Each structure stands twice: as C-alpha cells, then as structure tokens.
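Here's the structure we're looking at; comments come further down.
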Amino acid sequence: METTTVRDQSIDKYRITREPYYLNVKDEVAIFETAYKAKLPVMLKGPTGCGKTRFVEAMAYRLGRPLITVACHEDLSATDLVGRFLLEGDDTVWHDGPLTTAVRHGAICYLDEVVEARKDTIVLIHPLTDDRRILPVEKLGVLLNAPEDFMLVISYNPGYQSVLKDLKQSTRQRFLSLDFDYPPSEAETQIVAHEGGVNQATARDLVKIGEKVRNLKGHGLEEGVSTRLLVYAGQMISRGVDPVTACEIAIASPITDDSELQRSIREIVTTVI
C-alpha cells in the first residue's frame, strides 16, 4: 500500500566546523549580528570575488548556525527551493528543498547571485522577509513558521544589472543592504598574504597589480580582477610557479579574452614584479 512520508533532512552537514578567515573592513560584522538578532533579512551587493560568500560563511560560524547556500540560476524553480515528492519503492516521500530545510532547522539560508533566479521563484521568499516569517509549502498544505534562529541572506553583483536581471522593488525593499567592494590596499594585502600563503612583499605586489588592472575597467575591461584571483596567484607562487606566469594564468587570462587587454595586463605585471 502506498504511503506518504516526510523525510527530515540532516542539518549537521551544513555546519561550519572550522572558522573561515575573514578580515572585517568596516562595520559589516556588527551590522550583520544586529540584523540577525532583530530577525531581519540581509542583502549583500558587490563585485565578483570581493568576499561576500566568505563573509556569510564567517558569520554563520560566528553565530553558531548551519549555513545552506543556493547558487541561483535561471532554471531555479520554486520546487527546487521548497521541495518535492519522490517515489521510493511503494512510498511517496517528501524531500525538503534547501529553503525548507533552513526554515525547519533555524539555519542561515544564503541565495547567491539571486538575480539569476526566475522572478516567479523569488516571490516565494517574500513571506519570510516580513514580520510573518512564514514559508508556505503548498504541496504539503502547511505553513512553516521560521524559528528565531533562521535568517535569509541574498547576494548579487550590481555590475551585471540589466532590465532583465534585476531585483524588483517589491523584493529589494524587504532587505537591509550591505555594500561590498574590494578591500582597501592594506587589508587586501593581509588577505592575499594569509590566504595565498605568500610573504607581505609578494602580497603587496599582487595587490598593486590588482589595483592597476581595476583601473582598466571601463576601458574595455568589464570587471576588475577579484581578490579571489589575487589569492589564486599567491597560491600558485607559494607552490613554486614563476610570479609572472602565475599572474598570467590567475589574472590576465581569466578576466578577458581580448589580446590587447591581456597585453596591457602583462605590462602591468612585469612593471610591478
């Protein structure tokens, strides 16, 4: 005889057991903590690779909450977020989606690059972002009340905004907003040295290269080199790769296919190093 079962998802795999390295640049840590205590959702805005995801991971560890991350894309459906019924033998089993799992267990749910998701999918988070703090699970016919520990965080890169890929005002105005950018020079140097495994002098050179390459934005370059890529260059150098080669494969080649821009970046690299 066929039966219906709701299978609870284990939350332990979403716990961050090792503290992520994150350097507080302004007052973002204190603001996030205050928003969490006030049960308010938060929106992170900033360029690719500037530390948004690492910040959320660090805050989840600091607050002692599991972190469930969803990489949003254009095919992401409401079912993908909330859950679905699946047949297992003679049983019909309900499997929670990541958003439902986060609500049930009081986790932090992080929707990364939320503008990539379909607008009809994003609408379903609205009841979680006001004083109701509920998630309607229509297929189960239930309303889940979010516990105090639950928090919703979204992020996106404003540099890629367009008419087709932008958040509706009805969604925007449900969130507090934290603006991120590449860290100041000294802070970025500390980050590259720590995460890249290189000395301060090498980290400082990589940051100087990064700053000069970012100045090419608007002159043919769509996006500046991220802190993440500077860290990658540092990691390659720390493993014995020639610094110029490391910058070629971690900076010049990933951010553009334009041969003239790549040549300009190589000139910057050879001037600094």
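The values are calculated or read from the model by the stated rules, or taken from the named source; none is laboratory data. In this text the structure is predicted, and so the values were computed from the model without any measurement. Neighbour counts run over all protein chains shown; Cβ positions are idealised from the backbone, glycine included.
Listed values, structure above:
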| read-out | value |
| --- | --- |
| Pairs with Cβ under 7 Å, 6+ apart, first in the stretch 85-105 and farther than 14 Å from ARG65 by Cα, second among the acidic types (Asp, Glu) | ASP90/GLU2; ASP91/GLU2; THR92/GLU2; GLY97/ASP80 |
| Single match in ASP181, ASP131 (criterion: over 22 Å from GLU57 (Cα atoms) and not in a strand (DSSP E or B)) | ASP131 |
| VAL272, sole failed condition from (1) within 26 Å of the chain's Cα centre (by Cα); (2) under 18 Å from THR202 (Cβ atoms); (3) hydrophobic (A, V, I, L, M, F, W, C) | (1) |
| Filter result for the condition that a residue is among the acidic types (Asp, Glu) and either over 23 Å from GLY159 (Cα atoms) or over 19 Å from the mean Cα position of the chain (by Cα) (or both), over ASP90, ASP75 | ASP90 |
| Residue check for ASP12: surrounded by fewer than 18 Cβ atoms within 10 Å (Cβ to Cβ), within 19 Å of ASP149 (Cα to Cα), at pLDDT below 95 and over 14 Å from the mean Cα position of the chain (by Cα) | yes |
| Looking only at the stretch 98-127, and only at residues there that are surrounded by fewer than 21 Cβ atoms within 10 Å (Cβ to Cβ) and not in a helix (DSSP H, G or I), the one that is nearest to the chain's Cα centre (by Cα) | ASP112 |
| Residues being among the basic types (Lys, Arg), more than 19 Å from the chain's Cα centre (by Cα) and closer than 14 Å to THR48 by Cβ - total across the stretch 222-258 | 0 |
| Matching residues, the stretch 118-166, being in contact with a helix residue (DSSP H, G or I) (Cβ under 8 Å, 6 or more places away or on another chain), basic (Lys, Arg) and at pLDDT below 95 | LYS139, LYS165 |
| Count of the stretch 78-87 residues which are under 23 Å from ASN157 (Cβ atoms) and aliphatic (A, V, I, L, M) | 1 |
| Count of the stretch 26-40 residues which are surrounded by fewer than 18 Cβ atoms within 10 Å (Cβ to Cβ) and either touching a Lys or Arg at 6+ places or on another chain (Cβ under 9 Å) or of a type in the set (A, V, I, L, M) (or both) | 7 |
| Among the residues listed as LEU76, LEU44, the single one being under 22 Å from VAL123 (Cα atoms), touching a strand residue (DSSP E or B) at 6+ places or on another chain (Cβ under 7 Å) and outside any helix (DSSP H, G or I) | LEU44 |
| Residue, modelled with the highest pLDDT, within the stretch 70-79, restricted to residues that are surrounded by fewer than 18 Cβ atoms within 10 Å (Cβ to Cβ) and either of a type in the set (Gly, Ala, Ser) or in contact with a helix residue (DSSP H, G or I) (Cβ under 8 Å, 6 or more places away or on another chain) (or both) | ALA71 |
| Candidate set: the stretch 32-48, residues that are in contact with an Asp or Glu (Cβ under 8 Å, 6 or more places away or on another chain) and among the basic types (Lys, Arg); chosen: the one nearest to ALA107 (Cα to Cα) | LYS39 |
| Selection count, the stretch 201-229, where residues are farther than 16 Å from ILE273 by Cβ and among the β-branched types (Val, Ile, Thr) | 1 |
| Filter result (without any contact (Cβ under 8 Å) to a residue 60 or more places away in the chain and either in contact with a His (Cβ under 6 Å, 6 or more places away or on another chain) or of a type outside the set (D, E, K, R) (or both)) within the stretch 129-143 | ILE134, LEU135, PRO136, VAL137, GLY141, VAL142, LEU143 |
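Residue-by-condition table, conditions (1) farther than 17 Å from GLY46 by Cα; (2) modelled with pLDDT under 95:
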{"site": "GLU188", "(1), (2)": "no, no"}
{"site": "ILE191", "(1), (2)": "yes, no"}
{"site": "HIS194", "(1), (2)": "yes, no"}
{"site": "VAL198", "(1), (2)": "yes, no"}
{"site": "LYS208", "(1), (2)": "yes, no"}
{"site": "LYS217", "(1), (2)": "no, yes"}
{"site": "GLU222", "(1), (2)": "no, yes"}
{"site": "THR227", "(1), (2)": "no, no"}
